[in-house]
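Encoded as structure tokens, the structure appears first; notes follow it.
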Amino acid sequence: MAKSKVLIVGGTGFIGRRIVKASLAQGHPTSVLQRPEIGLDIDKLQLLLSFKKQGARLIEGSFSNHQSLVNAVKQVDVVICTMSGVHHRGLNILMQLKLVEAIKEAGNIKRFLPSEFGMDPARMGNALEPGNEPFEEKMKVRKAIEDAKIPFTYVSANCFAAFFAGNLAQFGSLVPPRDKVRLWGDGNVKVINLDEDDVATYTIKSIDDPRTLNKTLYFQPPENILSQMEMIEMWEKLIGKKLEKVSISAEDFLASMKGLEHGNKAAAGHYYHIFYEGCLTNFEIGEEGEEASELYPEVNYIRMDAYLERYL
Ligand code: NDP
């Protein structure tokens, strides 16, 4: 079977650039949306040009120009949106509704993967404010997709390791501590981290797979289901030193969220659901889902001790 032609929208982003790379590596004819709004952003332009050099096509299109999105979508079979989930510079994830409209009008798309790539928003109905906003927006996008009968796969990628593992889950930092570490509760709640290139590899594997059609694809590689404490022990072994541990109770954590500004408060809420409530691991996958490492056992996913070595 010929490999589907893929369009990546948001291709210069954190996860988007890795998905472009994985799509090319797995032999898909790959296009990336080039938005005129990037203007003088030289780094973005250089990245787009580097995609072209690696074999991708650049297709011009703007969220302010419906016809340009329809034209872009008509040239491919699969659309993957990796638009930012953060509210900034006038962006929110609901902008994807414009893409849904374009896909509906074009009528040729075999699979759409909207920008999800985190916790499953369908399971986050009771999320704390304001961190609930992206989940609610992602659910509105899902509804529009399903109302338009667009074939889909929703990717529930759990934690990108760069945000949650490399820092031993230290909110407000991106590197692991070497002396003192905050433990969320007893640090024993199970969490799932993935190397971002593995997120991209599994995502691209799913796009032509009938088993993931109209399903949620959960990433739960068994050896990466680890507690914060297990991650800390891996790091202690690597640096040959024990860290001082300070346990933060759920009550103290919630109280500390009160003074935070919007963005940090939203992120702290997500930490709470992941590290205290265990929202990534406290459920069984039902009929609505599939698990990536079971579907694609050939992927030799990066283990977290290997991931942590890069911070030495
Ligand atoms: P980024 O913040 O890196 O942004 C991705 C892209 O969004 C940009 O490259 C840009 O596309 C596009 N974009 C930004 N502003 C605009 C705008 N005004 N109009 C149109 N497009 C815009 O995104 P991430 O890679 O961090 O996030 C992608 C997804 O992954 C989100 O759904 C997010 O929730 C999720 N995520 C999950 C994490 C996890 O741990 N599981 C962690 C972080 C994110 P262009 O290339 O066209 O310029």
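Taking the chain as the reference, fit the longest principal axis to its C-alpha atoms, fit the long axis of helix 16-25 to the helix C-alpha atoms, and give the angle between the two in degrees, 0 to 90, nearest 10.
The angle comes out near 70 degrees.
For region 193-235 and region 121-160, what is the centre-to-centre distance using only Cα atoms, to the nearest Å?
18 Å
Name the most mobile residue of 136, 146, 251, meaning the one with the largest mean-square fluctuation, in a Gaussian network model of the chain with Cα contacts below 10 Å.
Looking only at 136, 146, 251, the largest GNM fluctuation is found for 251.
Run the dipole for region 123-199 about the Cα centre, Lys and Arg Cβ at +1, Asp and Glu Cβ at -1, nothing else charged, and hand back the magnitude in debye, nearest 20.
180 debye
Could you grab the relative contact order for the chain? Cα pairs under 8 Å, six or more apart, rounded to a whole percent. Don't jump to the answer; show the numbers that get you there.
Details: 548 pairs, mean separation 53.5, N = 312.
It rounds to 17 percent for the chain.
Which ³J(HN,Hα) values, rounded to whole Hz and listed in residue order, are derived for region 202-216 from phi using the Karplus coefficients 6.51, -1.76 and 1.60 in 6.51 cos²θ - 1.76 cosθ + 1.60 with θ = phi - 60°, glycine and proline given as x?
4, 4, 5, 4, 7, 6, 9, 9, x, 5, 9, 5, 6, 10, 9
Indicate the gyration tensor shape class of the chain (rounded, prolate or oblate), computed on the Cα atoms with a ≥ b ≥ c the square roots of the eigenvalues: a/c under 1.5 is rounded; otherwise a/b larger than b/c is prolate and the rest oblate.
Judged from the Cα gyration tensor, the chain comes out prolate (a/c at least 1.5, a/b above b/c).
Just going by the charge dipole of region 1-69, with Lys and Arg at +1 and Asp and Glu at -1 on Cβ, which of 38, 48, 4 is farthest out on the positive end?
4
Rolling a 1.4 Å sphere over the protein heavy atoms, what is the accessible area per residue of the chain, to the nearest Å²? It would help to have the intermediate numbers written out before the result.
Details: 14360 Å² over 312 residues.
For the chain, the solvent-accessible area averages 46 Å² per residue.
Treating only the Cα positions of region 175-232 as identical point scatterers, give the base-10 log of I(q)/I(0) from the Debye formula at each q in 0.16, 0.29 Å⁻¹.
Normalising to I(0) and taking log10 leaves -0.66, -1.19.
Can you tell me how region 245-312 classifies by the Cα gyration tensor, rounded, prolate or oblate, using a/c under 1.5 as the rounded cut?
It comes out oblate by the Cα gyration axes.
List the residues whose amide H sits under 5 Å from the amide H of residue 31, counting only those 5 or more places along or on another chain, with H placed 1.01 Å from N in the peptide plane.
6, 7, 8, 57
In whole percent, and with a 1.4 Å probe on the protein chains, what portion of the accessible area of region 181-304 is carbon and sulfur? Walk me through the numbers before you get to the answer.
Details: 2830 of 5590 Å².
Within region 181-304, the accessible surface is 51 percent carbon and sulfur.
Can you give the charge dipole size of the chain about its Cα centre, rounded to the nearest 20 debye, using +1 on the beta carbon of Lys and Arg and -1 on the beta carbon of Asp and Glu?
So the magnitude is around 1060 debye.
Give the shape of region 65-114 as rounded, prolate or oblate, defined through the alpha-carbon gyration tensor: a ≥ b ≥ c are the square roots of its eigenvalues, a/c under 1.5 means rounded, and otherwise the shape is prolate if a/b is larger than b/c and oblate if not.
Prolate is the answer for region 65-114, as a/c is 1.5 or above and a/b outweighs b/c.
Can you compute the helix-only [θ] at 222 nm over the chain? Use -39500 (n - 2.57) per DSSP H run of at least 4 residues, normalise by all residues, nearest 500 deg cm²/dmol. Working shown, then result.
Details: 12 runs with 113 residues, N = 312.
That calculation yields -10500 deg cm²/dmol at 222 nm.
Farthest toward the dipole's positive end in region 249-312, which of 308, 260, 282, given Cβ charges of +1 (Lys, Arg) and -1 (Asp, Glu) about the Cα centre?
So the residue we want is 260.
Mind checking the dipole of region 13-92: about its Cα centre, +1 per Lys or Arg Cβ, -1 per Asp or Glu Cβ, Debye to the nearest 20?
200 debye
Can you give the Kirkwood hydrodynamic radius for region 129-288, in Å, rounded to one decimal and based on Cα pairs?
17.3 Å
Output the relative contact order of region 124-237, whole-number percent, from Cα pairs under 8 angstrom with separation of 6+ residues.
33 percent
To the nearest 10 degrees, how steep is helix 228-239 against the longest Cα principal axis of the chain, on a 0 to 90 scale?
Once rounded, one gets 80 degrees.
Which three extents, in angstrom, do the Cα atoms of region 136-229 have along their principal axes, listed largest first?
Between the extreme Cα coordinates on each principal axis of region 136-229 lie 53, 27, 21 Å.
The values are calculated or read from the model by the stated rules, or taken from the named source; none is laboratory data. Model, not experiment: these values are computed from the prediction. Cβ sites come from the backbone with ideal geometry, for glycine too, and all protein chains shown count toward neighbours. Calculation scope for accessible area: heavy atoms of the full protein, side chains included, ligands and nucleic acids excluded. Shrake-Rupley method; radii C 1.70, N 1.55, O 1.52, S 1.80 Å.
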